[in-house]
Amino acid sequence: MSTIYVLWLRQLKKYARSKPRIIGSLGQPLLFLFALGYGLGPVFQKAGQGNYLQFLTPGVIAMTILFTSIFSGIEIIWDRQFGFLKETLVAPVSRFNIMVGRTLGGATVATLQGILVFLISLVFGFRPANLFLSPLTFLVMILIALLFTALGTAIASVLEDMEGFHLIMNFLVMPVFFLSGALFPLEGLPKTMRIITKFNPMTYGVDALRGSFTNTFHFGLWSDLAILGAATFLVLVIGSYLFSKIQI
């Protein structure tokens, strides 16, 4: 447990010291909230769908968590190149504990980023429908962060160069985000897109997050939590196995 705590604390300290990283990671969410929230708001309202900013904000928060958590896997490649990972792996501690500590640290940072974007969205005019569902909101944020931090770690565990990681992330992260219903309603989609979105775990994270903010679920709360929880557990198991096979 001490190993998990030390690695978790290390991630938080790196996050707290990296002010440019914090500010830079807010650029894209702010652009989405401003450009899409206000730009497409009138179109969304004319289509009879209500306030687009209310619809969009949960998707932008989920996007922030997704990007922050999955790219935390890059740190494994950096640590491997600069020797820190070797020092960690040769220590007399379980690799499973190392992986869990890194994953919890990355997930905590991603969740904090999501909370920060949520607070900023209040300035833009976003208003949660029910503040009593705030604990559920944070639970969903944590599940999304754990899922994609573990996924980033799993992918980085089998790669040795930064170029390969960026290539896979570009073919994975953007489709996962854009095909999750973060930017558009899931009702009335073509059959092919409807099937793809149902196999995308991010879809259930976005739906659970949006539902906890607006009291409007597409799949239902328990379905969202069950699928998101199962996907998180599965990826954690796979990530732990791949991380245990890293060659130093």
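Brief remarks on what is shown
- Residue list for segment 101-143, filter: of a type in the set (Lys, Arg) and either under 15 Å from Glu75 (Cβ atoms) or out of contact with any helix residue (DSSP H, G or I) (no Cβ under 9 Å at 6 or more places or on another chain) (or both): Arg102
- Boolean, Arg80 is basic (Lys, Arg), at pLDDT below 85 and closer than 18 Å to Ala156 by Cα: yes
- Flag if Pro135 is surrounded by 15 or more Cβ atoms within 10 Å (Cβ to Cβ) and over 21 Å from Leu40 (Cβ atoms): no
- Number of residues in segment 119-141 that are hydrophobic (A, V, I, L, M, F, W, C), assigned to a helix (DSSP H, G or I) and under 16 Å from Asp207 (Cβ atoms): the value is 5.
- Breaking point among (1) under 18 Å from Gly59 (Cβ atoms); (2) without any contact (Cβ under 8 Å) to a residue 12 or more places away in the chain, for Glu187: (2)
- Where a residue in segment 203-216 is more than 17 Å from Val117 (Cβ to Cβ) and modelled with pLDDT under 90 and its partner, wherever it lies, is small (Gly, Ala, Ser) and surrounded by fewer than 24 Cβ atoms within 10 Å (Cβ to Cβ), with Cβ under 7 Å and at least six apart: Asn215/Ala129
The values are calculated or read from the model by the stated rules, or taken from the named source; none is laboratory data. Quick caveat, the model's predicted, so the values are computed rather than measured. Reconstructed Cβ throughout: ideal geometry from the backbone, glycine too, with neighbour counts over all protein chains shown.
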